[in-house]
Structures are given as C-alpha cells and as structure tokens.
Amino acid sequence: MFDLSLNNDKVWKVGLITQGYKINLIETLVIALIVVFAALMIMKTLESQRVKKVTGQESLSGKTGTVVNDLNPMGWISVEGVRWRAKSIDGKKIPEGETVRILKLEGLVLLVDKIP
C-alpha cells in the first residue's frame, strides 16, 4: 500500500511527470495557482473592456434630481449633490422638493420632466 509517513520523501515526489522530469507536488500547486491567478486577471481585464464608459453630458441623461428652487419654467435642481440650472421641458411650474428626471443638457441648462 501507500506509506504516508512524514519522513518518507516519496510522498512529496508525487506530481507531474513529463518526459522523464519529475515535478514535485508543491511545484505543481504553485504553478496551478499562478495559472489560475493569471486566468482571473485576464477575465477581469476583458470584462472591464466591455463596460461602456459614460462621462460628460451622456452621464446625466436619465438621472434624477430634486428641485431646489421652483422651476417656473427655469430654476435650480440638485443632482448627486451638485446644483444645476434647470428648465421644465413642458414649461409648467415644478415646485421645490419635487423629483425630476433629466432628459438632456442644452449648454449648461438641464431640461427636466417631473416624475409623477
């Protein structure tokens, strides 16, 4: 049978045997860990390349904000803690405290619509 005593050096000589060269168990585990780590890094890199990066004007469209000063039809809203000049898209008054959705940016003025 197998002799698994700690003083037996044969236990640690189990592993890959390739063209007459023996790689012991510890070397095999280290190589396997390196390969797994490299594969994970490659997968994460490829995944990050697929994510669409949105900045500038495109990042504001669709977000919501809170009216800080009445929009009649112009006023101020807060979006993620930043105050923006805004205009109601339909020209109607939107009172302070209401939540609005940003439709687009014209210059430095956000065109918004009230969320029901």
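Read-outs: derived from the displayed coordinates by stated rules, not from any lab. The structure displayed is predicted, hence computed values, not measured ones. Cβ: placed from backbone, ideal geometry, glycine included. Neighbour counts: every protein chain shown.
Side notes on the structure shown:
- Over 27 Å apart at the Cα level, from the set LYS52/LYS92; LYS52/LYS93; LYS63/LYS93, are LYS52/LYS92; LYS52/LYS93.
- Sparse-neighbour loop sites [trypsin sites (Lys or Arg not before Pro); the stretch 24-83; at most 14 other C-beta within 10 Å; DSSP]: LYS52, LYS53, LYS63
- Karplus-derived 3J(HN,Hα) values for the stretch 28-37, using 6.51 cos²θ - 1.76 cosθ + 1.60 with θ = phi - 60°, are 4, 5, 5, 4, 4, 5, 5, 5, 5, 4 Hz; glycine and proline are entered as x.
- Kirkwood Rh in Å, taken over the stretch 57-114 so that all alpha-carbon pairs contribute: 10.6 Å
- Approximating the spin labels as points 7 Å out from Cα along Cα→Cβ, the LEU25-to-ALA38 distance works out to 2.5 nm.
- Net charge of neighbours whose Cβ lies under 9 Å from the Cβ of SER88, counting Lys and Arg as +1 and Asp and Glu as -1: +2
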